[in-house]
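The values are calculated or read from the model by the stated rules, or taken from the named source; none is laboratory data. What you are looking at is a predicted structure, and each value in this text was computed from that prediction instead of being measured. Reconstructed Cβ throughout: ideal geometry from the backbone, glycine too, with neighbour counts over all protein chains shown. Each accessible area value is taken on the protein alone, full model and side chains, heavy atoms only, with ligands, DNA and RNA left out. Shrake-Rupley method; radii C 1.70, N 1.55, O 1.52, S 1.80 Å.
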There are 2 protein chains.
Amino acid sequence: MHLVDILVKNATLVTMAPDMPVIEPGAVAVAQDRIAAAGPQQAVLLEYKAAKVIDAKGGIVMPGLVNTHTHAAMSLFRGLADDLPLMTWLEEHIFPAEAELTQDMVYRSTLLACAEMIKSGTTTFCDMYLFEDAVAQAAKQAGLRAVVGEVIYDFASPSYGPVEKGLEYTSALIDKWRRDPLITIAVEPHSPYLCSPDLLQKLKAIADENQAPMVIHLSESQHEVAQIQDKFGKTPPEHLADLGILGPRLIADHCVALTENDITLLKQYDVKVAHNPESNMKLASGIAPIPALLSRGVTVGVGTDGCASNNNLDLFQEMDTLAKLHKVQTLDPTVLDARTVVKMATLDGACVLGLDACIGSLEPGKKADLIIVDVDQPHLVPMYNVYSHLVYTVSGHDVVTAIVNGRILMQDRQLLSLHEEAVMRDVNKIAIKIIKKETE
Amino acid sequence: MHLVDILVKNATLVTMAPDMPVIEPGAVAVAQDRIAAAGPQQAVLLEYKAAKVIDAKGGIVMPGLVNTHTHAAMSLFRGLADDLPLMTWLEEHIFPAEAELTQDMVYRSTLLACAEMIKSGTTTFCDMYLFEDAVAQAAKQAGLRAVVGEVIYDFASPSYGPVEKGLEYTSALIDKWRRDPLITIAVEPHSPYLCSPDLLQKLKAIADENQAPMVIHLSESQHEVAQIQDKFGKTPPEHLADLGILGPRLIADHCVALTENDITLLKQYDVKVAHNPESNMKLASGIAPIPALLSRGVTVGVGTDGCASNNNLDLFQEMDTLAKLHKVQTLDPTVLDARTVVKMATLDGACVLGLDACIGSLEPGKKADLIIVDVDQPHLVPMYNVYSHLVYTVSGHDVVTAIVNGRILMQDRQLLSLHEEAVMRDVNKIAIKIIKKETE
């Protein structure tokens, strides 16, 4: 008999380990920051004992969800300006509001996003924004796992100032967080249309030197593709291929407007894709060719994008929309079946972020990032198929418990790592100033 | 000072009355089954007093949502068979399961659907299924407002037997429920492809005689349109127009595959449309031309369809998907703005069901059907625009209180009209038999 830290029992256990069926009743043993065992309850309880036992009461126990693309601090702008043409939205509302941002505003807004993510089952997120040191601090305080990186473009930033300082800021972030158990620093050029070839190559060098992931917005809309075509005579992926930017550590956000050759390039260089269906729909960007990417073997994760274009961080709702969107787009109801979609939001998402050796499934030796979904509710009765439930019926509100790196962040809907009331109050105070500015 | 039954105070009040802004703080006075007043708090509290005062604590108080198309009892089949070709789904799973249905199974499954609807903010639903007397009884017991009708087609039904008995069953339903304050009986031919012209006209006569609404599935997919074209040389709406079936009391479900002339016909006859975006996506039926219908002045409500093709009854999530789907379909982010979508799910939905004189907005003299949404949660902070919140961020779980016809059905997430545990347990028992049958 081994003594561990946490035992989760009475689980409908979805491990997402390859070829592993749903185990019922299942149990998970957590020792320090890792999973010691995940399997049939009888076997696990025979071998492990813990002071802290969590009864899942038949609920679904599964890997925490991985949000492969967001701008967490943009929760501050949730619903500030919707249903507008893209350029009006950006130039008249988002950019002016962002010009006023401070490190403190980003920190407090990211804490709010973390509270929402924990409460909706996300345990890892990949962030791109300004003042990312504050984002890393907020994620760490909340106890979430995160890949974060300062957004870099050719012009000056409200955060670091001129572009050269952006490179320094990124290198300093990498040094500061190198040994952190939760935070990974990424190198993050905004996009091919806001970054010169020279800047892209300088950032690629920093990423290579540090074996760091690189994150970029890529081919989000036909408009963007036309811009790059006009300037360089190539599609954005072709442009990046010629500059030597494509590679297995590159995380390409959106990939809505792709040619056949673009898909070939993404596969050839093993580029990872973050798919954001709700944001692409709300901003009317288009529908990414996900079934084609998957059939070609490209790894695709799920993202919410920021709250200004979604307007929530609920990955369960995102899975639902994702599965349905591609069915109606292809007129094929068998496309993107429920298990495939759950895999995209867990194991494949972990792979997108380069973390699949560490998270994404409940297997012995992996980090203990898991959630419990309460299925004893009218909208979740009856349950014939666990994967169908997770995609088409469960929403983030049904998550009752969240554990990251062996630490319990939420139990029975109570946040343990954050003071929920204070987090909301702080952001509401900042929002009052934004409303004043908007109505001036 | 007037004494009323219920006062709701400290509301962010969304009345959906024409041209009425959001009122904050607002209050609503409920006397018996009706709204006595809905307006600025100070004025309402000066004039009204009640023994029962509900503090909305700044939450959104709004009309209950109207689900214009569902098959409530199909909650029993939630997730039974997903991601399959339409005919496999229907012929190998749904039809065999439905052949075994009894009045009692429909009653208990509808109670479950009612529990889910109350807990997600729906106060009125329009149902089409078998054993609809049981559906009416379940809705009445739950306290929900409902338009219900027995589905009729050319072949025998597991409920009433041969088709002639279906006409008798419908007439008997109309007689039985004629004076009920919550239940309206509709005449419900399944579709042009399962009902002969003769049957359609007989049912139309019953509807006209009783001034009853008529509900029909119409042009749900291109496949169905091709069937009718082959048989009658016309589109389904043209076919119904020629048979004299179109009219202002006709509720046409889906309307996915419409021609320009179909839209003209729907407008000309003032036919009402129930739009079910998530079901149409999941079954890969197609995308209904809602922006075109709205611009031509056709009244469109929102529906979830049954839980076998959704797989939930959450109209807040349906609004979110609806608003986003048509933006990406038209590549125009200004299409179906948030207020328009909220109106579709409330006042327009009421109009679709012929109930807009009675419900759909919070105005003095209308029936007291209202809900409270708790906005003091991380995913709902900050709040710049109430309509944006309702469409893009709120989900059914955020509804804390529901009142229908002046009766409190849920307060602080506790169901008062139904025994939630018993309702779930009963359906789980039936589901066990269905699983046995499926695995035989």
* To do: Please name all residue pairs, on different chains or six or more residues apart, with Cβ atoms under 7 Å, provided the first residue is in segment B:254-266 and is closer than 10 Å to residue B:292 by Cα and in the same structural domain as residue B:279 (by TED's automatic domain parsing) and the second residue is among the small types (Gly, Ala, Ser) and open to solvent by 30 Å² or more (accessible area, probe 1.4 Å).
  => B:263/B:292
* Structure fact -> Only one of A:154, A:133 is modelled with pLDDT of 95 or more, in a loop (DSSP other than H, G, I, E, B) and away from chain B (no Cβ under 14 Å), namely A:154
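Select, from B:199, B:243, B:194, the only residue that is closer than 21 Å to residue B:275 by Cα, more than 21 Å from the chain's Cα centre (by Cα), modelled with pLDDT of 95 or more and surrounded by fewer than 20 Cβ atoms within 10 Å (Cβ to Cβ).
Of the residues listed, the single one that is closer than 21 Å to residue B:275 by Cα, more than 21 Å from the chain's Cα centre (by Cα), modelled with pLDDT of 95 or more and surrounded by fewer than 20 Cβ atoms within 10 Å (Cβ to Cβ) is B:194.
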* Per-region count, segment A:298-324, residues farther than 15 Å from residue A:251 by Cα and of a type outside the set (Phe, Trp, Tyr) -> 18
* **segment A:330-339: number of residues that are in a helix (DSSP H, G or I) and in contact (Cβ under 8 Å) with a residue 40 or more places away in the chain** => 2
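For segment B:393-411, how many residues are within 14 Å of chain A (Cβ to nearest Cβ) and outside any helix (DSSP H, G or I)?
Looking only at that region, the number is 7.
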* Among (1) open to solvent by less than 10 Å² (accessible area, probe 1.4 Å); (2) in a helix (DSSP H, G or I) - the single one residue A:149 does not satisfy -> (2)
* Hey, residue A:336 of a type in the set (A, V, I, L, M) and either open to solvent by 30 Å² or more (accessible area, probe 1.4 Å) or within 14 Å of another protein chain (Cβ to nearest Cβ) (or both) or not -> yes
* Among (1) under 19 Å from the mean Cα position of the chain (by Cα); (2) surrounded by fewer than 24 Cβ atoms within 10 Å (Cβ to Cβ), where does residue B:69 come up short? -> (2)
* **Exclusive hit being outside the structural domain of residue A:83 (by TED's automatic domain parsing), touching a residue at least 12 places away in the same chain (Cβ under 8 Å) and crowded, with 21+ Cβ neighbours inside 10 Å, set A:309, A:395** => A:395
* Verdict on residue B:342 being within 13 Å of chain A (Cβ to nearest Cβ), touching a residue at least 60 places away in the same chain (Cβ under 8 Å) and either β-branched (Val, Ile, Thr) or part of a strand (DSSP E or B) (or both) -> yes
* Asked: What number goes with the only condition from (1) under 16 Å from residue A:269 (Cβ atoms); (2) assigned to a helix (DSSP H, G or I) that residue A:216 does not pass?
  -> (2)
* Hits in segment B:346-387 - residues which are assigned to a loop (DSSP other than H, G, I, E, B) and in contact with a helix residue (DSSP H, G or I) (Cβ under 6 Å, 6 or more places away or on another chain) -> B:356, B:359, B:360, B:361, B:374, B:381, B:382, B:383
* Asked: For segment B:319-331, does any single residue satisfy the condition of being more than 9 Å from chain A (Cβ to nearest Cβ) and closer than 14 Å to residue A:310 by Cα?
  -> yes
* Flag if residue A:51 is among the small types (Gly, Ala, Ser) and modelled with pLDDT of 95 or more -> no
* Within segment B:19-40, how many residues are part of a strand (DSSP E or B) and more than 25 Å from the chain's Cα centre (by Cα)? -> 11
* Asked: more than 30 Å from residue B:386 (Cβ to Cβ), surrounded by fewer than 24 Cβ atoms within 10 Å (Cβ to Cβ) and either within 14 Å of another protein chain (Cβ to nearest Cβ) or modelled with pLDDT of 95 or more (or both): does that describe residue A:43?
  -> yes
* Listed residues B:142, B:50, B:99, B:37; which is open to solvent by 30 Å² or more (accessible area, probe 1.4 Å) and in contact (Cβ under 8 Å) with a residue 40 or more places away in the chain? -> B:99
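Taking the criterion of being closer than 30 Å to residue B:420 by Cα, assigned by TED's automatic domain parsing to the domain that holds residue A:272 and open to solvent by less than 30 Å² (accessible area, probe 1.4 Å), would at least one residue in segment A:345-365 satisfy it? Lay out the reasoning, then the answer.
Of all residues in segment A:345-365, those closer than 30 Å to residue B:420 by Cα come to none.
Scanning segment A:345-365 turns up no residue that is closer than 30 Å to residue B:420 by Cα, assigned by TED's automatic domain parsing to the domain that holds residue A:272 and open to solvent by less than 30 Å² (accessible area, probe 1.4 Å).
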* To do: Select from segment A:117-130 the residues that are of a type in the set (A, V, I, L, M) and not in a helix (DSSP H, G or I) and write down the one among them that is surrounded by the fewest Cβ atoms within 10 Å (Cβ to Cβ).
  => A:130
* Asked: Does any residue of segment A:284-300 turn out to be within 7 Å of chain B (Cβ to nearest Cβ) and within 30 Å of residue B:377 (Cα to Cα)?
  -> yes
* Return the residue satisfying two criteria in turn: it lies in segment A:366-392 and is of a type in the set (Asp, Glu) and open to solvent by 30 Å² or more (accessible area, probe 1.4 Å), and of such residues it is nearest to the other protein chains (Cβ to nearest Cβ). => A:376
